[in-house]
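Take a look at the structure set out below.
Laboratory data are not the source of any read-out in this text; all were calculated from the coordinates shown. Since this is a predicted model, take the numbers as computed values, not measurements. Methodologically, a virtual Cβ is constructed for each residue, glycine included, from the backbone with ideal geometry; neighbour enumeration extends over all protein chains shown.
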């Protein structure tokens, strides 16, 4: 059984444990790498063609405007197919209650028929928000499993939680 992690993550200035701080690796990327190690999964990072502002407050303002406009920002590279994978992990930070809009850009291009989808989210207290409803639409034809919700401040202590979730 082969698996892939499709994820969006942002380093730089982020909320981490309730305070703004610069982080070298985005929180979602930390979890994606745990999954890669524990499940021997391939990784695919969704990156916008135009980077978000480095300033956190400016970034969330841009993200909110994208969401309000239902925009599909261009991405640097597109994953063309997930045909060779049985399991697809989908990871993202919760931005304004759902997935960052570049994830919509990528996921809408894929055929999820017959796939098992394991969603995971990093957040500062908002959990999945409405993202599971959005994933249900984006991943039409997939079996969506119980998701894993990890607060940003605990990502570096979450490897055992990730392992337990993978093995459920």
Taking every DSSP beta bridge that has both residues in the chain, what percent is antiparallel when rounded to the nearest 5?
-> 25
The range 38-59 versus the range 69-134: alpha-carbon centroid distance in Å | 12
Per 10 Å bin, what percent of the C-alpha pairs of the range 13-57 does each bin hold, from zero upward?
-> 23, 43, 29, 5
Antiparallel bridge percentage (DSSP; both residues within the range 1-50; nearest 5) = 55
Once you have the Kirkwood Rh of the range 75-140 from its Cα pairs, apply Stokes-Einstein at 25 °C and 0.890 mPa s and quote D in µm²/s.
-> 199
Efficiency by 1/(1 + (r/R0)^6): what FRET value for residue 137 and residue 160, r their Cβ-Cβ distance, R0 = 45 Å, to the nearest 0.05?
-> 0.90
Taking the chain, the whole-percent share of alpha-carbon pairs separated by over 19 angstrom is 52
Applying the gyration tensor rule to the Cα atoms of the range 12-96 (axes a ≥ b ≥ c; rounded if a/c under 1.5, else prolate if a/b exceeds b/c, else oblate), the class is oblate
Given a Förster radius of 30 Å and the C-beta distance between residue 124 and residue 84 as r, what FRET efficiency does 1/(1 + (r/R0)^6) yield to the nearest 0.05?
-> 0.30
